[in-house]
Every structure is written in structure tokens, then in C-alpha cells.
Amino acid sequence: MTMEDEEWGFATNAVRAGQARTGEGEHSEAIFPTSSFVFNSAAEAAARFAGDEPGNIYSRFTNPTVRNFEQRLAAIEGGDSCVATASGMAAIMSVCMGLLRTGDHIVSSRSIFGSTTMLFNKYLERFGISTSYVALEDMAAWEQAIGPNTRLLFLETPSNPLTELGDVAALAELAHSNDCLLVVDNCFCTPAIMRPLELGADIVVHSATKYLDGQGRCVGGAVVGDANLVGEEVFGVLRTAGPTMSPFNAWVFLKGLETLSLRMQRHSENATKLAHWLQQQPQVEKVFYPGLDTHPQYELAQRQQSLPGGILSFELAGGKQAAWELIDSTRMLSITANLGDTKTTITHPATTTHGRLTAEERAESGISDSLIRVSVGLEEVADIQADLSRGLGL
Ligand SMILES: *Cc1c(COP(=O)(O)O)cnc(C)c1O
């Protein structure tokens, strides 16, 4: 990162941070689709390999387009260091491989992405790393679950699909007083809404696939944090094991970051309007959204997030049948589990994203059969409402 980048404000960094022009004077960032790099001499090659001289060697290690994306994301998350990964899951896996060893223990929110739960339970478990799960908003449960071998606390906030919040500043304090690191999956908020590192978290992970791209084009991820943890330990895993981001995808994500704050403002505005409208519909029993003053953690949302975000969920009277009928009655909304897109998506968590849980586990997590999740896009709110109206019998 250059000096100027550090002095710029968020929107400027999102548009300009990290760009290093080639001699051609291109205005938009160049793409470097090359697997390897050429040296001027045998001595230069030796110096690069020995780490005595900076510079590119091979795109599994570093690539200029990927570095451009990493520097831009680091600037807007407020981190010293960023490494880009092939997917959001590759980001989480690389953090675990880089920072954990056999015998270590993770305390995680129980409301996390399904594949993250699978990574912890099925794969890390095989290497002797165990995980305990707690209710995101229950600070006493987090404290109780920490043991002598606990090394990481892990959460997403707001949670999917019920939009429960974790208090990042309080959890950072708890982590540090127990010699643990706090890792926050910042996929739902993005740095345009919340910067966990400024609240005390040690590491931020991203699925760039969602809002950072924002247009549903590429799969990618990133890890942001301090230079020792991320620039050394996590980067070491990337360089050795290879779940790196392609330069083509990095270029698409760079373009995504340029409009991130504008998009998050409009996603939040549209979701707020939709949440208030849903609350007024007689068939809707409950709306879950951090921007409503009926949200049980409304005060924390106001303090921790600059905007309420684009994801909401709601419960209908009439159980699973009513939920499926509403989803099937839509003509414009996309029935898909993806989120963070310009296009509004609608999904039934109990039979898709949370379908692998037992009925008891779902009940315990508050995922009812009548729950519907909407990732509110950038269409006209009136058109989103009209599409939902048919299914609500309006
Ligand atoms: C999608 C998602 C992931 C995984 O990201 P991929 O890019 O699909 O690998 C992780 N965390 C959250 C919160 C997600 O929504």
C-alpha cells in the first residue's frame, strides 16, 4: 500500500487503492493472465527465489492483478495485509491451516455458513482440531466454552437467515483476555457497513463471491489482518497449498469494489423499505431485519453497523406449504440460495441451506418451516413488492 492510499477516505480507496499502472497509461486496471514471470538474469532469479529481492516469480505465489485486489481490500477493511483466495471457503480453510495445529480448539457461533460447519466438524476434526458451538448473542456461553486449548473464536454477523448479531468489540476483548484470536466472516456487512478490525477483531475473512463482486459473476475469497498472521502464516499456506485467486477473477472483484459502497447503500435502503412493508402484511407473522426497531439487538446494530444491510427474513402464517407457495408464485425474484447480488433472491432455509440439520437442531436455531429469506437486490422496491404480493394474496 502506498502512503496516499492510507490517507484516502473509504470511497476513494475503493476506487483507486492498489493500482500500479504499466507503461501503457491504461486507466482501468491491467490484467496479468500469466502463470510465471521472467528474470533478467540467473542472478536475479536466484535473488527472487532467496527472497533477497522483491518481485513476482509464479502466480501461485503472487500476481500483479491479484495484488491490486488485495491492496484495495486491505485499504477498505483497514488491515495491514490481505491475501486473496480461490473462494470464501478457501479463505476460511487457509486461516485454519495457517494458524491451528493438532489439539487446538475453536469456539464458533452456531449460526454460520453450512460449509464452514462441515469444514470444522468433518475435516478439521480429522486432524485433531475440535469445535464447540454457541448461540451468537449469548456472551456468557462464549466465555464458558473457552478452554485452555482454545485458539480461535469464529463468527458471522448478522447471522444467516435470522439476522442475529454478535458484539464484535466485546468478543474481541473476550478473545484477547484468553489469548485467542477473533476471526469474523464479514460477508454480510462488507467493509462498507462494518470494519471488524477497527472493532478489535484479528482477522476478517470474505466470500468475495457475494457483495464484493455483487453481480454474481465469480467465486473468490480473501483474508485480511495483520502482517504476521495474514502476510506470513496464511500467505504461506496459499503459496504452498495453492488455493489462490485467478487474475481474471481478481480483476472482476476490483471492478466490484469500485461500486461497493453505493450498492450497499441501495441494498440497505431497499431492504429497509421491504421490511417495513412486510411488517404490515397480515399473512406475515414476523420480520427479522437489523434495521427494524423491533429487532432485539437494534441498539447494537445501530452502534456496530453504519447500515442495516441487504438480507432479511420473515415468517408466514401457514408453515412450509405457505412458504413454498409464496416462493413458487414469484415470477421475477430468483429462487436460489445465493445472496449479495444485484438481483433479488428468495430461498426457503429449512429445506435448502439448513436442510441437513435435524428438525430438533432447526428448532433450536429458530429456523421454522415458514421462514423465507430474501437477499434484497437493486431492482425497484415496488417491483419486488408486486412480485411478492401475488403469493401473499394481495
Ligand atoms: C458463501 C459464503 C461463504 C463461502 O464462500 P464461497 O465463496 O462460496 O466459498 C462463507 N461464508 C458466508 C457467510 C457465505 O455466505
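Quick notes on this structure:
- Counting only alpha carbon atoms, the long axis of helix 64-77 and the longest principal axis of the chain meet at about 50°.
- For the chain: relative contact order, % (alpha-carbon pairs under 8 angstrom, 6 or more apart): 16 percent
- Theoretical ellipticity at 222 nm over the chain - DSSP helices of four or more residues, -39500 (n - 2.57) apiece, nearest 500: -10500 deg cm²/dmol
- Proximity of backbone amide H atoms, modeled 1.01 Å from N, is registered between T209 and G88, G220 at under 5 Å, excluding neighbours fewer than 5 places apart on the same chain.
- Shape descriptor for the chain: Rg over Rh equals 0.99 (Cα atoms; Rh from the Kirkwood inverse mean 1/r).
- Against the main long axis of the alpha-carbon atoms of the chain, helix 88-99 sits at an angle near 60°.
- The modelled label-to-label distance for the pair N40/N178, using points 7 Å beyond Cα in the direction of Cβ, is 5.4 nm.
- Amide H to amide H distances under 5 Å link T336 with I346, where only residues 5 or more positions off or on other chains count and H is placed in the peptide plane.
- Radius ratio Rg over Rh of the stretch 261-392, counting only Cα atoms, Kirkwood formula for Rh: 0.95
- Whole-Hz ³J(HN,Hα) from phi, Karplus 6.51 cos²θ - 1.76 cosθ + 1.60, for the stretch 337-353, glycine and proline x: 7, 6, 8, x, 10, 4, 8, 5, 10, 10, 8, 10, x, 4, 10, 10, 4
- Principal-axis tilt of helix 319-329 within the chain, Cα atoms, nearest 10 degrees: 70 degrees
- Here the gap between E258 and S130, fully extended at 0.36 nm per residue and compared with their Cα-Cα distance, gives a gain of 42.2 nm.
- Accessible area expressed per residue, the chain, with surrounding protein chains retained (probe 1.4 Å, Å²): 43 Å²
- Amide H contacts of E285 (H built 1.01 Å from N, under 5 Å, at least 5 apart or other chain): E315, L316, A317
- Kirkwood hydrodynamic radius over Cα pairs of the stretch 265-306, then Stokes diffusion coefficient at 10 °C and 1.306 mPa s, in µm²/s: 146 µm²/s
The values are calculated or read from the model by the stated rules, or taken from the named source; none is laboratory data. Remember, it's a predicted structure, so these values are computed and weren't measured experimentally. FYI the Cβ positions are ideal-geometry reconstructions off the backbone, even for glycines, and counts take in every protein chain you see. All accessible areas refer to the heavy atoms of the entire protein, side chains included, with ligands and DNA or RNA removed. Shrake-Rupley method; radii C 1.70, N 1.55, O 1.52, S 1.80 Å.
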